[in-house]
Amino acid sequence: MLKFTLWVSLVLPLAWIAIRFFGIGADSGPSANPAQELNHLFGQVAIYAVAANLMLGHLLATNRFLTSRYPSSARLLLTLKKFRRNLGVAGWLYLVVHVVFHFLIEAGLAEGFDAILHARYLWVGAAAAVFLSSLAVTSNNFSQRKLGRKWTQLHRLVYLAFFLAVAHTLMIEKADIPHFATLGIATALPYGFRLAFWALKRRKATDARRQLPPN
């Protein structure tokens, strides 16, 4: 049941996009610029999916702590770990649609690339798309075996890709700055705590080694 619910959650954003696009329950009604509206909506969902992926990663980072105190949580955490990869790929697919609509709006590949070259916020968005695409392509067991430890290092780029995506959104005119700034900060804070904890743990280990008597 949990797995089914998680899989359904990957397609639920399509319903949200439809509601927003057709203006259901809103006074404004359908968008006057449908292609651009769909472009923005799919981009938002992609950012939300990456943010959820990172927040899930923060939770899974406490795996040892949770399983030692709550052994029954081991199965749930394993399911969430597998789901996290699917969530990342789903976010990338929403991103692909977002990029496709960009080129549809610009009426062609040449025009689309020309628009990217002349707008800084599109530079930033393109960089985020490239990083996320490299992660999506390697989000499989084969790549993980081939890359070994480098796979983990590569997939840490998801943090950079996320903040580039948030910056891309904030640079757009009429962007909801408070909303996306809050999303970026809320996602960054747990990572900051994890880095601080890692640095403290490493410092303690270094101090302990220094206190060992010489051979």
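Every number here is computed from the coordinates shown, using simple stated rules; none is lab data. Predicted model only: the values in this text are computed from it and were never measured. Because the Cβ atoms are built from the backbone with ideal geometry, glycine has one as well, and the counts that use them run over all protein chains shown.
Worth pointing out:
- Order of Val8, Val96 - criterion: other Cβ atoms within 10 Å of each residue's Cβ, fewest first: Val8, Val96
- Number of Lys-Lys pairs in the chain with C-alpha atoms under 21 Å apart and a separation of 8 or more places or on different chains: 6.
- Net charge contributed by nearby residues that have their C-beta within less than 14 Å of Met55 (K/R +1, D/E -1): +3
- Which of Ile172, Ile19 has the fewest Cβ neighbours within 10 Å, and the rest in rising order: Ile19, Ile172
- Counted by neighbouring Cβ atoms within 10 Å, the residues Ser72, Ser133 run from fewest to most as Ser72, Ser133.
- Top of Lys146, Lys82, Lys204 by mean-square fluctuation, Gaussian network on the chain, Cα under 10 Å: Lys204
- Cα centre as origin, Lys/Arg/Asp/Glu Cβ charges: region 26-171 dipole, Debye: 1420 debye
- Under the span-like rule (Cα at least 24 Å along the axis, Kyte-Doolittle mean at least 1.0), DSSP H helices of the chain: 2-21, 120-137
- Of Ala167, Val99, Ser133, farthest towards positive along the dipole that unit charges on Lys, Arg, Asp, Glu beta carbons give the chain: Ser133
- Rounded to whole numbers, the Karplus 3J(HN,Hα) couplings from phi for region 146-153 are 5, 7, x, 5, 5, 4, 5, 4 Hz, using 6.51 cos²θ - 1.76 cosθ + 1.60 with θ = phi - 60°, and x at Gly and Pro.
- Rounded, prolate or oblate (a/c below 1.5 giving rounded, otherwise prolate when a/b exceeds b/c) for region 95-160 by Cα gyration tensor: prolate
- Residues considered: His179, His98, His40. Largest GNM mean-square fluctuation over the chain, using C-alpha springs under 10 Å, is found at His179.
- Pairwise Cα distances in the chain exceed 33 Å in 26 percent of cases.
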